[in-house]
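The values are calculated or read from the model by the stated rules, or taken from the named source; none is laboratory data. On a predicted model such as this, the values are computed, not experimentally measured, just so you know. As a convention, Cβ positions derive from the backbone with ideal geometry for all residues, glycine included, and neighbour counts pool all protein chains shown. In case anyone asks, the SASA skips ligands and DNA or RNA and just uses the protein heavy atoms, side chains included. Shrake-Rupley method; radii C 1.70, N 1.55, O 1.52, S 1.80 Å.
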Amino acid sequence: QQNVQQSPESLIVPEGARTSLNCTFSDSASQYFWWYRQHSGKAPKALMSIFSNGEKEEGRFTIHLNKASLHFSLHIRDSQPSDSALYLCAHLPNYNVLYFGSGTKLTVEP
Amino acid sequence: EAAVTQSPRNKVAVTGGKVTLSCNQTNNHNNMYWYRQDTGHGLRLIHYSYGAGSTEKGDIPDGYKASRPSQENFSLILELATPSQTSVYFCASGDAGGDNSDYTFGSGTRLLVI
């Protein structure tokens, strides 16, 4: 069983804040990493993915991957109330099976 | 539009009864998955499949069976449902491989076992 730890469990931030979510995984051989976002009562949807060490930015969202430290993070700039959701990190330790963390519940207050 | 469709959306079952959750995908993906989601546990893998006729055990397979009769369909079967199986179940399809890797989820089935 793959171990994926997310922190914090929950987070409340004011609108406009910079938010950081963290994920630690156990398998250094993993090659593929995702952040999923799940709004209440809805299906998880892929937000961003990264397949090599480094940083990737899309709009207000930036992800960092450091395979040496087994660490993966998501940063949200200028957080909006519409960003309120459950954020799930996921990785692919073998070729076919996607494993998820337990999630961080983000609330952005107007 | 490619999609993953689950049925039913909601189900109430009695303890000891048989429950079948169905999933259909139009993504033409080889791989399909069943996860359950409970508060504090994220998504936990129950069973998965590499293609028609194959099923593999995930992390929490006890009490569940799976069936993949075709590329498009993947079912999760609870032969003897228990209250501990009350949860939200998600089906997904996906194929790994570089920047085109894509895993798509259905809308979920909310199961209550009483």
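For the range B:1-11, how many residues meet the condition of being open to solvent by 80 Å² or more (accessible area, probe 1.4 Å), assigned to a loop (DSSP other than H, G, I, E, B) and either under 14 Å from residue B:72 (Cα atoms) or acidic (Asp, Glu) (or both)? Total meeting the criteria: 1.
The residues of the range B:17-60 that are surrounded by 15 or more Cβ atoms within 10 Å (Cβ to Cβ) and touching a residue at least 60 places away in the same chain (Cβ under 8 Å), listed by number, are B:19, B:21, B:23, B:25, B:27, B:29, B:30, B:31, B:32, B:33, B:37.
The number of residues in the range B:7-34 that are within 12 Å of chain A (Cβ to nearest Cβ) and within 16 Å of residue B:112 (Cα to Cα) comes to 2.
I'd like to check something: does the range B:82-98 contain any residue that is over 22 Å from residue A:100 (Cβ atoms) and in contact (Cβ under 8 Å) with a residue 60 or more places away in the chain? For the range B:82-98, residues over 22 Å from residue A:100 (Cβ atoms) and in contact (Cβ under 8 Å) with a residue 60 or more places away in the chain: present.
From the list B:113, B:14, which one is open to solvent by less than 70 Å² (accessible area, probe 1.4 Å) and touching a residue at least 24 places away in the same chain (Cβ under 8 Å)? Exactly one residue qualifies, and that residue is B:113. Of all residues in the range A:91-103, none satisfies being more than 22 Å from residue B:48 (Cβ to Cβ) and touching a residue at least 24 places away in the same chain (Cβ under 8 Å). Scanning the range A:10-57 for residues that are in contact (Cβ under 8 Å) with a residue 60 or more places away in the chain and facing chain B (nearest Cβ under 8 Å) turns up A:32, A:34. Exactly one residue among A:96, A:66 is within 14 Å of another protein chain (Cβ to nearest Cβ) and either open to solvent by 20 Å² or more (accessible area, probe 1.4 Å) or not β-branched (Val, Ile, Thr) (or both), and that residue is A:96.
Take the residues in the range A:14-41 that are open to solvent by 40 Å² or more (accessible area, probe 1.4 Å) and assigned to a strand (DSSP E or B); name whichever of them is farthest from residue A:102 (Cα to Cα). Filtering first and then ranking leaves A:14. Screening the range B:35-64 for residues that are over 24 Å from residue A:101 (Cα atoms) and out of contact with any Ser or Thr (no Cβ under 7 Å at 6 or more places or on another chain) and picking the one that is farthest from the other protein chains (Cβ to nearest Cβ) gives B:53.
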